[in-house]
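**Student:** Structure incoming, see below.
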Amino acid sequence: MKIPIYQIDAFANEVFRGNPAAVCPLDDWLEDAQLQAIAAENNLAETAYFVAQGEDYKLRWFTPQQEVDLCGHATLASAYVIFHYLKPETKAVTFNSQSGPLYVTREGDLLSMDFPAGAPVACSVSETLAGALGKPPREILCSRDYLAIYDSEDEVRALQPNFEALKTLDRRGVIVTAPGRTADFVSRFFAPGAGIPEDPVTGSAHCTLTPYWAKRLEKSKLRALQVSARGGELFCELRGNRVLIAGRCVRYLEGKIYV
């Protein structure tokens, strides 16, 4: 069996930046064990698979270790593949996922995702989390992930977490964030329990970051930088209970998987 594969750098203006995702369009679903094995072999933060459902697509995401219920950068990468290879005449695509319908539109080279917002709330936090980050944050909130608030971009950039300790947490991962020097805010994302010590750029984390910073900065449109080693740029907008997350993509690789 030959399966097409594309490796796309999402939230990037050039190759070797942003977050790489593998995208595999399928005619029909493979067994879950085979989907997981391919994702492990790819050894990227996420491998996305989609199957056409009429005019829409069913979309699933796998880390090297497990399936996840939402992934922003691999959704953006999947839309890029559809827009550039499968349906170059279309301007919008709908993905059906475990997190409900996800919409991606394009305007020029900018792709914009419409995702559900997940505003963070106060929660009880174990002492393990603050210690595992290397420097205690000013505040910790939670949504689907923990959100650790720092005072400066320099603090966020300097963090050297204890990944073994972070593996023991009861949520998918930890977002760390602070006001940015040249952007509205910056962030990093750690999810060692899902096999991703640090994710280069995390679209889904901005479902939490956008409502937090929109409220704090009293503005609905925000420019964000994820300050990982590869780095990435995102344009975010809060619209009620939805978040628009936009960015660019660059093709790195195109080929076939033989299984």
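The values are calculated or read from the model by the stated rules, or taken from the named source; none is laboratory data. These numbers come from a predicted model, not from an experiment. Ideal geometry is used to build each Cβ from the backbone, glycine not excepted, and the neighbour counts take in all protein chains shown.
**Student:** Do you know which of the residues in the range 89-125 that are aliphatic (A, V, I, L, M) and outside any strand (DSSP E or B) is farthest from residue 54 (Cα to Cα)?
**Tutor:** 125
**Student:** May I pose another question? Would you mention how many residues in the range 151-191 are among the small types (Gly, Ala, Ser), within 17 Å of the chain's Cα centre (by Cα) and part of a loop (DSSP other than H, G, I, E, B)?
**Tutor:** Number of matching residues: 1.
**Student:** Which one of these is outside the structural domain of residue 28 (by TED's automatic domain parsing) and polar (S, T, N, Q): 99, 126?
**Tutor:** On inspection, the qualifying residue turns out to be 126.
**Student:** Can you tell me which of (1) over 27 Å from residue 13 (Cβ atoms); (2) in a loop (DSSP other than H, G, I, E, B) is the one residue 148 doesn't meet?
**Tutor:** Looking at each condition in turn, residue 148 falls short on (2).
**Student:** Starting from residues that are assigned to a loop (DSSP other than H, G, I, E, B) and charged (D, E, K, R), keep the ones in the range 126-145 and report whichever is farthest from residue 168 (Cα to Cα).
**Tutor:** My answer is 138.
**Student:** Here are 44, 76, 35: which of them is of a type outside the set (Asp, Glu), part of a helix (DSSP H, G or I) and surrounded by fewer than 24 Cβ atoms within 10 Å (Cβ to Cβ)?
**Tutor:** Being of a type outside the set (Asp, Glu), part of a helix (DSSP H, G or I) and surrounded by fewer than 24 Cβ atoms within 10 Å (Cβ to Cβ) holds for just one of 44, 76, 35, which is 35.
**Student:** Give the residue that is farthest from the chain's Cα centre (by Cα), with candidates limited to residues of the range 215-229 that are in a loop (DSSP other than H, G, I, E, B) and surrounded by 12 or more Cβ atoms within 10 Å (Cβ to Cβ).
**Tutor:** In this case the residue turns out to be 219.
**Student:** Now for a different question. Go over the candidates 233, 237 one by one and state the one that is assigned to a strand (DSSP E or B), of a type in the set (Asp, Glu) and more than 13 Å from the chain's Cα centre (by Cα).
**Tutor:** Result of the check over 233, 237: 237.
**Student:** Quick one: would you say residue 81 is farther than 24 Å from residue 171 by Cα, part of a helix (DSSP H, G or I) and not assigned by TED's automatic domain parsing to the domain that holds residue 173?
**Tutor:** yes
**Student:** Failed condition for residue 194, given (1) closer than 16 Å to residue 133 by Cβ; (2) within 15 Å of the chain's Cα centre (by Cα); (3) surrounded by 17 or more Cβ atoms within 10 Å (Cβ to Cβ); (4) at pLDDT below 95, with all others met?
**Tutor:** Every condition holds for residue 194 apart from (1).
**Student:** Then there's this: Within the range 1-41, count every residue that is within 18 Å of residue 63 (Cβ to Cβ), small (Gly, Ala, Ser) and within 19 Å of the chain's Cα centre (by Cα).
**Tutor:** Number satisfying all stated conditions: 6.
**Student:** Sticking with this structure for a sec: Give the residues of the range 141-176 that are of a type in the set (Ser, Thr, Tyr) and surrounded by fewer than 14 Cβ atoms within 10 Å (Cβ to Cβ), sorted by residue number.
**Tutor:** Answer for the range 141-176, where residues must be of a type in the set (Ser, Thr, Tyr) and surrounded by fewer than 14 Cβ atoms within 10 Å (Cβ to Cβ): 152, 168.
**Student:** Check residue 110 against each of (1) of a type in the set (A, V, I, L, M); (2) within 24 Å of residue 77 (Cα to Cα); (3) surrounded by 17 or more Cβ atoms within 10 Å (Cβ to Cβ) and name the one condition it does not meet.
**Tutor:** Only one criterion is unmet by residue 110, namely (3).
**Student:** Look at residue 138 and say whether it is surrounded by fewer than 17 Cβ atoms within 10 Å (Cβ to Cβ), among the basic types (Lys, Arg), touching a strand residue (DSSP E or B) at 6+ places or on another chain (Cβ under 7 Å) and within 17 Å of residue 123 (Cα to Cα).
**Tutor:** It is true that residue 138 is surrounded by fewer than 17 Cβ atoms within 10 Å (Cβ to Cβ), among the basic types (Lys, Arg), touching a strand residue (DSSP E or B) at 6+ places or on another chain (Cβ under 7 Å) and within 17 Å of residue 123 (Cα to Cα).
**Student:** So residue 161 ticks every box in (1) of a type outside the set (S, T, N, Q); (2) outside the structural domain of residue 17 (by TED's automatic domain parsing); (3) modelled with pLDDT under 95 but one. Which box is left unticked?
**Tutor:** Tallying (1) of a type outside the set (S, T, N, Q); (2) outside the structural domain of residue 17 (by TED's automatic domain parsing); (3) modelled with pLDDT under 95, residue 161 fails exactly one: (3).
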